[in-house]
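Below you'll find the structure, written out as structure tokens, and then a few comments.
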Amino acid sequence: MIAQLRKLVLGETWTLPLGVAVTLVAGLALDAAGPGWWHRAGGFVMLAGAVATLAVSLRRR
Amino acid sequence: MTAFLLTLAGAALACGLELLEALAIVLAVASERGWRDALLGAAGAIVLLALAGVVVGPIVLASIPLEPLQVVIGVALLLFGLEWLRKGVLRLAGRRAPSSSLAEYLVEREALHALAPPPPGRPDWAARVVAGKGVLLEGLEVVLIVAALGAGDEGLAPALVGAGIAVAAVVAIGLIAHRPLARLPESHLKYAVGVVLSAFGVFFLAEGLGVEWPGGDAALLYLAAALVAVSQLQVITLAREAPA
């Protein structure tokens, strides 16, 4: 049951939670650094992080 | 309006597909061991899910300020969405068995068939636990997805309406028995849910980190389009690499 709950929340591969965590940390760092472009274009950095996470998770099965 | 409709569609599809899997398990238990124990197990799980819904929605999410909340639900939706999308890409590329509630129904029936029934007149705890666990695990994902989608700017209304439509559709399928299960394009629907949940995840995560999306809510549409384009490229690449 615990293993199934863990799979439910974190998924079948560690690459997804790891990739989401890296994307989140990068976003927090960029938000804190506050470069001029972040508020207008930061969403595309997050999208790139999600796409890269998906690509890696599909390669490392 | 874009966010409202996408929230409604995402909640309806995600809830419908999860409930369909729960229904397959309850139907399997009912047909193998009788309706009484299957429904008692499912009812116990529904009580636990209602408690989880109250704790996650009005208590936990309502106590978090807006921007951190957007980050939390963005991360949660990305975790769910990317997992659905990953499995969807693998299924569409032929690298994973297609999703099938009918197959799940048959597997559960076979597993229960192997378990000895209790003596006459005694409660069938094995059947209750199998039905309850199935409904609890599938339902927990429904609770988390509806709570996360409902925490957005549009509020709980579109997520609850979507979930309500899903419940009605799944009950209708249950009443007409399991034949429609075989006809549903579950793999494609789950892939679509992955796209919608991932788009919402990226949208909320960025908003929580102070980003203003060009086009406002319409960003959800180009985020979904970008995710479809990238994931379809992955489907083509993986299908080409598949061993003959």
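The values are calculated or read from the model by the stated rules, or taken from the named source; none is laboratory data. Here the structure is a predicted model, which means the values were calculated and not measured. FYI the Cβ positions are ideal-geometry reconstructions off the backbone, even for glycines, and counts take in every protein chain you see.
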Among B:Glu138, B:Glu104, B:Glu32, which is the only one that is more than 17 Å from the chain's Cα centre (by Cα) and modelled with pLDDT under 90? B:Glu32
All positions within the stretch B:200-218 that are more than 9 Å from every other protein chain (Cβ to nearest Cβ) and either crowded, with 24+ Cβ neighbours inside 10 Å or small (Gly, Ala, Ser) (or both): B:Phe200, B:Phe204, B:Gly215, B:Gly216, B:Ala218
Selection within the stretch A:41-53 - within 7 Å of chain B (Cβ to nearest Cβ) and in contact (Cβ under 8 Å) with a residue 24 or more places away in the chain: A:Ala50, A:Thr53
Within the stretch B:84-105, can one find any residue that is surrounded by 14 or more Cβ atoms within 10 Å (Cβ to Cβ) and free of Cβ contacts under 8 Å to residues at least 24 places away in the same chain? yes
Evaluate the following for B:Leu181: is it in contact with a helix residue (DSSP H, G or I) (Cβ under 7 Å, 6 or more places away or on another chain) and at pLDDT 85 or above? no
Is it the case that B:Ala192 is modelled with pLDDT of 80 or more, touching a Gly at 6+ places or on another chain (Cβ under 6 Å) and of a type in the set (Gly, Ala, Ser)? no
Suppose the filter is in contact with a helix residue (DSSP H, G or I) (Cβ under 9 Å, 6 or more places away or on another chain), away from chain A (no Cβ under 14 Å) and part of a helix (DSSP H, G or I); does B:Leu27 pass it? yes
Across the stretch A:1-18, what is the number of residues that are at pLDDT 85 or above, more than 8 Å from chain B (Cβ to nearest Cβ) and part of a helix (DSSP H, G or I)? 2
Matching residues in the stretch A:16-47 - criterion: being over 13 Å from B:Val75 (Cα atoms) and loosely packed, with under 14 Cβ neighbours inside 10 Å: A:Ala29, A:Ala32, A:Ala33, A:Gly34, A:Pro35, A:Gly36, A:Trp37, A:Arg40
Output the residues belonging to the stretch A:20-40 that are within 8 Å of chain B (Cβ to nearest Cβ) and among the hydrophobic types (A, V, I, L, M, F, W, C). A:Val20, A:Leu24, A:Leu28, A:Leu30, A:Trp38
Unique residue being at pLDDT below 85 and either under 30 Å from B:Pro65 (Cα atoms) or within 14 Å of another protein chain (Cβ to nearest Cβ) (or both) when the list is B:Val146, B:Val129: B:Val146
